[in-house]
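Step one of this worksheet: look at the structure below.
The values are calculated or read from the model by the stated rules, or taken from the named source; none is laboratory data. On a predicted model such as this, the values are computed, not experimentally measured, just so you know. No Cβ is skipped: glycine too gets one built from the backbone with ideal geometry, and neighbour counts run over all protein chains shown.
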Amino acid sequence: MRRERFDGGTLAWSLDVAAGREPALRLEWAITADDELYVADRLWDYARDGARIADPYGVYRFVHDRTLRLLFGAAPRPGGISLQVTYVPRYSRVRAGETRRHALRLALPVDEYSSLARDVGSPTELAQVDRVTLLVDYRLRRAMASDPRPPWGEDPAAAGYIVHDPARVVSTQATEPFTVKRRTGYIARVALADEPPPGPYPH
């Protein structure tokens, strides 16, 4: 279990690469709050009837060199495109002293995916990775002028909260090699704080 301290709490997470008839990457992660905070763990999508639902893919996934980046946060926006919907994640409240836990199973090979790059049937190439970076957006309550609100008319327990200007905790660990499907066409990929924004071409 890897632990990453950040201002206001701790991110703990582990990975398991499972072989066999249904090979999969299993991710378990948890946020423990020292101070009350809000975490972007509610990625969402629209159902056919227009209702907002949890994103069925669970987490945004991007390949960078030999690293798979898993993002719980706003999907990186493509350059030069005006978007009507950006699918900004909803946030869960974690009170001081509480822990919020998650578990996720990703079938291997893992597809690159974000809410702004939905076509998982687009052309890909198989690649090997041996590191995973987990990125989780959050915001401390003490950094906010007032309590955040849920979407209008909705219950925050079910819908989560609307939060702006988040911080981000980033944690990387090595893993045994596994296979991903890297898109060969354009996809806006997530960049770390010390990297330039992704350019208009695959990289």
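Here are some notes:
- Among (1) surrounded by 13 or more Cβ atoms within 10 Å (Cβ to Cβ); (2) at pLDDT below 95, the one test that residue 71 misses: (2)
- Subset of region 66-87 [assigned to a loop (DSSP other than H, G, I, E, B), touching a residue at least 40 places away in the same chain (Cβ under 8 Å) and touching a strand residue (DSSP E or B) at 6+ places or on another chain (Cβ under 9 Å)]: 66, 73, 74, 75, 76, 78, 87
- Residues in region 155-199 that are small (Gly, Ala, Ser) and surrounded by 14 or more Cβ atoms within 10 Å (Cβ to Cβ): 159, 160, 167, 171, 188, 191.
- When region 29-73 is filtered for residues that are touching an Asp or Glu at 6+ places or on another chain (Cβ under 7 Å) and of a type outside the set (D, E, K, R), the ones remaining, listed by number, are 33, 40, 43, 44, 53, 56, 62, 63, 72, 73.
- Per-region count, region 100-147, residues β-branched (Val, Ile, Thr) and either closer than 25 Å to residue 53 by Cβ or loosely packed, with under 15 Cβ neighbours inside 10 Å (or both): 3
- Yes/no for residue 40 being buried (at least 20 other Cβ atoms within 10 Å of the Cβ), under 17 Å from the mean Cα position of the chain (by Cα) and not in a strand (DSSP E or B): no
- Residue identified as over 30 Å from residue 22 (Cα atoms) and at pLDDT below 95 among 49, 35: 49
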